[in-house]
Structures are given as C-alpha cells and as structure tokens.
Amino acid sequence: MTLVVSHEDELLQKTVRSFFDEAVIPHEELVDRLGEVPEEIGREIETKSKELGLFASNLPESVGGGGLTYSQSAIIEREFGRTSHALHAWVARPTELLMACEGDQIAKYLTPCVSGEKRELFALTEPEAGSDAMGMKTNAKRDGDDWVLNGSKHFISAPTMADFAIVFAVTGVDETPRGNRKRITAFLVDRDLPGVEFREGNKCVSNRGYKTYELMFDDVRLGSGQVLGEEGRGFELAGQWLGMGRIWVGATCCGKAERMLELATEWAATRKQFGKPIGSFQATGFRLADMTIGLRTADLLVADAVRRADAGTMQDPDAAMVKVYCSEMLNKVADDTVQIYGGMGLMEEMPIHRLWRDSRIERIWDGTSEIQRHIITRSILRPLGA
Ligand SMILES: Cc1cc2nc3c(=O)[nH]c(=O)nc-3n(C[C@H](O)[C@H](O)[C@H](O)COP(=O)(O)OP(=O)(O)OC[C@H]3O[C@@H](n4cnc5c(N)ncnc54)[C@H](O)[C@@H]3O)c2cc1C
C-alpha cells in the first residue's frame, strides 16, 4: 500500500487493522440488521480507540489530539473504510473547523470534543439546498449584540445524538466583482437552547445505523460569542475542511475496495463451475485484474493528495479528483464483487450486499461526483477566462 512508507506507518496500520478485525468488524452484521449501533457497542469502540490513541488523532497535540500528519491520518481512514461508517464513526475525528474556536469557545466546544465528552454536527445541507449550498435559506439577523437564527437543516449525520452543531447561515449579502453573493457565517449552536430541535431524520440504506438528523431553528437567540471564526467567512472555513473530508472519503473507499477485492479473490479461487475455479475463466480473472488496477490507481491519488496537504499545497481540484475517482472505483469494485459471487453476492448471509450498499453513498455525500467534476472543470477553464 503506497501510504505506508516507514516502520511507524506500518505499526500504525497494523494496530488499526487488528483493532478493527477484533473489536469492530464482528458487530457489522448485528448493526446492519438492527439499523442502529447498540449504545454499549459504540461506547466500547470509543473507549478502546482512546486507549489506542486513535480518538481525535487528527487534531494537533497542542489541543490534546494525536497530532498525526495528513499522510498518517490517511492510513487510519483507509483502515476505517474496511467497515461501516456507523461503527468507525464512534472513533471521533472532530472537525478541524473547531480549531477556529477562540476564547471561551475552546473550553466549551473544542476541548470536550477532543476528550469525547461532546460531539458536534456539521450542518450545511438543507432540504432545498444540497449541491447548491449557496441556495441555503437558514439565516441569522442581528438584534443588538445578539443574533436570531431561523431555518432548518437536513441529512446532518453523526453516529449518535450530538451536543451542538456548527450551523451555516446567511447573515447578509456582499457585493463582489461576480455580482451579489450571500454572506455565510458559521455559528456554534447548542442543542438545549430554546427554539432548537435536533431530531432523527430519514434512515439511509448505506451504513445502516449511522444516523441523519433534522435540525430546526425557531427564533434561536445566539450571543456574539457563538460565531465560529469571522462573521461572513463561514464558507471559507467550511471549504478548508471539505477538501480534506473529500480526501478521507477517497481513503475510506480504498479500504472498502481492498476488503471487497480480498473477498472476491477468495471466492474466485475456491468456487468451482465446469470443474474449475471460476477465477480461471478469463472473464473473472480479467475482472480481478481491472479491480486491482483501479485500487492501485486510487491509492496513488490519495497518497499524492495527502502529501500535497502535508506540504500545504493541496488545492480543491486535487481533493475533487480523489473523491470522484476513488468513489467511482469503489462502486465498480463493489458491483464486480457481486458479479463474481453470483447469486450468493445478494444473499443476506454474506457480507457482500452490505458492503455494496455501503459503497453507494460515497458518490453522493461530501459533494456528488457531478459537483466534483464541476470543481475540476472550473480549475481547467477559469485560467483561460472561460
Ligand atoms: C447519509 C448522508 C449523510 C450526510 N451528512 C451530512 C452532514 O453531516 N452535513 C451536511 O451538511 N450534509 C450532509 N449530507 C448531505 C450531502 O452532502 C448531500 O446529500 C449532497 O451534497 C448532495 O445534495 P442533495 O442530496 O440535496 O442532492 P441534489 O443537490 O439535489 O442533487 C441531485 C442530483 O443532481 C445533481 N446535480 C445538482 N446540481 C448539479 C449541477 N450543477 N450539475 C450537475 N449535476 C447536478 C447531483 O450531482 C445529483 O446527482 C449527507 C447526506 C447523506 C445522504
């Protein structure tokens, strides 16, 4: 695997792999059947991940995190991808947006997220504003020193009910050379404030047990200390984090594809038809070869992007390329794995149907494949003025 380049990297990868093999993957079937992660299983994963130093490993040591580089975090994310998001999300990697906390916000939001006493939500998407995030209607209006927040969000996901949300809201309009543009501000909004409601939303068939929430805000009064970062700079703040999020999606896709490829290879080598292992038929063998090429290419893209991120040179199109390629590679690998298994691939007794279903979300969340292609196209054409 191209991400593992040193002895320390190898140790990290093996530690995460054995933790997941022993303490996480055995719960997959139950969680998928129940459609939720029993609290005691989630807490056990949380506790063990703290003992191993994996909890909040993405944040700097200066705030109590693990201080891993992006390249090291990618090793972890790739391993996490081997199982359902519903389970691995209990190993918190708090959003890096929280590094924008200042003053009292540090003790109230950042520190408890690093220790696991609190969990946050990232609340951008609305029922009528998905890909078109700028179409959001949630707004906050000034009232003296306070803000008054109104609106709603949906598809806001977490392994379990969170304590607060980072909510993106319109706080005005800016004139720009490209015309008027909504001013978007990020707010820290506690679940227990008057006028706030977090409730469970639709159930997703990918990663069953990973929850989506609907958030409602009805004249919610927020002090000026609830603005995260600078007023009107919410999108810039979100953008910094979304790029890395897309690379983490890519890394998890590689982990899941690797697991499916292992299962497909084993089946191709042992399932016999016409007196021979099905892998000896060129149609199956070449399928395995193409799956292997796709995975290797995707791994190289992730490795390239995290090295750019560590060097501070990663750009939005780099992350977009990773997101499109890795998620589409995974979906191809998932479909090919079902095909190699034949009818058994769709039986509930096997893990294939679950991994196949879990794979589908990756082309949608964190920005769809179409939106990623827009980002890449823009980076190609904009320098030419088109
Ligand atoms: C399980 C789950 C968890 C999520 N978690 C979170 C979360 O924690 N926080 C959060 O803020 N959001 C979250 N999301 C929202 C997610 O990011 C959006 O679903 C995604 O961005 C797509 O938005 P949409 O579903 O509204 O689809 P739409 O925007 O309605 O898109 C529908 C289709 O139209 C296409 N399309 C739209 N515009 C264009 C265009 N300009 N050109 C070409 N094609 C286009 C899309 O690519 C897609 O194929 C989550 C979603 C899911 C399903």
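Taking 4.7 Å between beta carbons as the limit, the unpaired Cys residues of the chain are Cys101, Cys113, Cys204, Cys254.
Sequence-ordered 3J(HN,Hα) estimates for segment 61-71 from the Karplus curve with 6.51, -1.76 and 1.60 and θ = phi - 60° stand at 4, 4, 10, x, x, x, x, 6, 6, 5, 5 Hz, glycine and proline given as x.
Counting other Cβ atoms within 10 Å, keep those with at most 16, restrict to DSSP loop, and tell me which chymotrypsin sites (Phe, Trp or Tyr not before Pro) in segment 188-295 are left. Each step should come with its number before you reach the end.
Numbers: sites: Phe198, Tyr210, Tyr213, Phe217, Phe235, Trp241, Trp248, Trp267, Phe274, Phe281, Phe286; in loops: Tyr210, Phe274, Phe281.
Hits after loop and neighbour filter: Phe274, Phe281.
For the chain, the relative contact order is 16 percent, taking Cα pairs closer than 8 Å that sit 6 or more residues apart in sequence and dividing their mean separation by the residue count.
Which of rounded, prolate, oblate describes segment 225-283, given a ≥ b ≥ c as roots of the alpha-carbon gyration tensor eigenvalues and a/c under 1.5 marking rounded, otherwise prolate only if a/b is larger than b/c? Don't skip to the answer; put the middle values down first.
Numbers: a/c = 8.34, a/b = 5.60, b/c = 1.49.
Taking the square roots of the gyration eigenvalues as a ≥ b ≥ c, segment 225-283 is prolate.
Does segment 271-323 come out rounded, prolate or oblate, given a ≥ b ≥ c as the square roots of the eigenvalues of its C-alpha gyration tensor, rounded meaning a/c under 1.5 and, failing that, prolate meaning a/b above b/c? Note, shape of segment 271-323 comes out prolate.
Assuming a ≥ b ≥ c are the square roots of the Cα gyration tensor eigenvalues, decide whether the chain counts as rounded (a/c under 1.5), prolate (otherwise, with a/b larger than b/c) or oblate.
Details: a/c = 1.83, a/b = 1.59, b/c = 1.15.
Judged from the Cα gyration tensor, the chain comes out prolate (a/c at least 1.5, a/b above b/c).
What net charge is computed for the residues neighbouring Ile278, neighbours being all others with C-beta under 15 Å from the C-beta of Ile278, Lys and Arg scored +1, Asp and Glu -1? The partial results should precede the final answer.
Numbers: positive: Arg271, Lys272, Lys276, Arg287; negative: Glu266, Asp336.
Net local charge, Ile278 excluded: +2.
Across segment 311-321, rounded Karplus estimates of 3J(HN,Hα) from the backbone phi angles (6.51 cos²θ - 1.76 cosθ + 1.60, θ = phi - 60°) give 8, x, 10, 5, 10, 3, x, 4, 5, 5, 5 Hz, Gly and Pro being marked x.
For segment 97-191, the list of trypsin sites (Lys or Arg not before Pro) that fall in a loop by DSSP and count at most 10 other C-beta atoms within 10 angstrom reads Arg178.
Ordering Val173, Pro38, Trp356 by the projection of their Cα atoms onto the charge dipole of the chain, which places +1 on the Cβ of Lys and Arg and -1 on the Cβ of Asp and Glu, puts Trp356 at the extreme positive end. Check the straight Cα-Cα distances from Lys48 and name the aspartates and glutamates below 18 Å, setting aside those fewer than 8 residues away within the same chain. Cross-link targets: Asp21, Glu22, Glu28, Glu39, Glu40, Glu77, Glu79, Glu117. Cross-link reach is defined here as a Cα-Cα straight distance under 30 Å, omitting same-chain residues fewer than 8 places apart; for Lys137 the lysines meeting it are Lys108, Lys118, Lys153, Lys182, Lys203, Lys211, Lys323. Here the label points at Glu200 and Glu262, each 7 Å from Cα along the C-beta direction, are separated by 3.1 nm in the simple model. Relative to the Cα centre, the charge distribution of segment 7-93, modelled as +1 at Lys and Arg Cβ and -1 at Asp and Glu Cβ, gives a dipole magnitude of about 180 debye.
Using the alpha-carbon positions of segment 7-93, Rg (one decimal) and Dmax (whole number) come out as 12.8, 41 Å.
What dipole magnitude, in Debye to the nearest 20, does the chain give about its Cα centre under +1 on Lys/Arg Cβ and -1 on Asp/Glu Cβ?
Result for the chain is approximately 1200 debye, rounded to the nearest 20.
Relative contact order, whole percent, for segment 119-231 stands at 30, derived from Cα pairs under 8 Å and 6 or more residues apart. In loop segments of segment 69-173 as defined by DSSP, the GluC sites (Glu not before Pro) with at most 13 further C-beta atoms inside 10 Å of their C-beta are Glu102, Glu117, Glu128.
Helix 369-381 and the long axis of the chain differ in direction by around 70°, with both axes built from C-alpha atoms. When the Cα positions of Ala264, Cys253, Gly232 are compared along the charge dipole of segment 219-305, Ala264 comes out farthest toward the positive end, with charges on each C-beta of Lys, Arg, Asp and Glu. Taking the Cα atoms only, what angle lies between the long axis of helix 7-23 and the longest principal axis of the chain, rounded to 10 degrees? Roughly 80 degrees between the two axes.
Since every read-out is calculated from the coordinates, none of them should be taken as a lab result. Computed from a prediction, not measured in an experiment: that's the story for all the values here. Cβ atoms come from the backbone with ideal geometry, glycine included; neighbour counts cover every protein chain shown.
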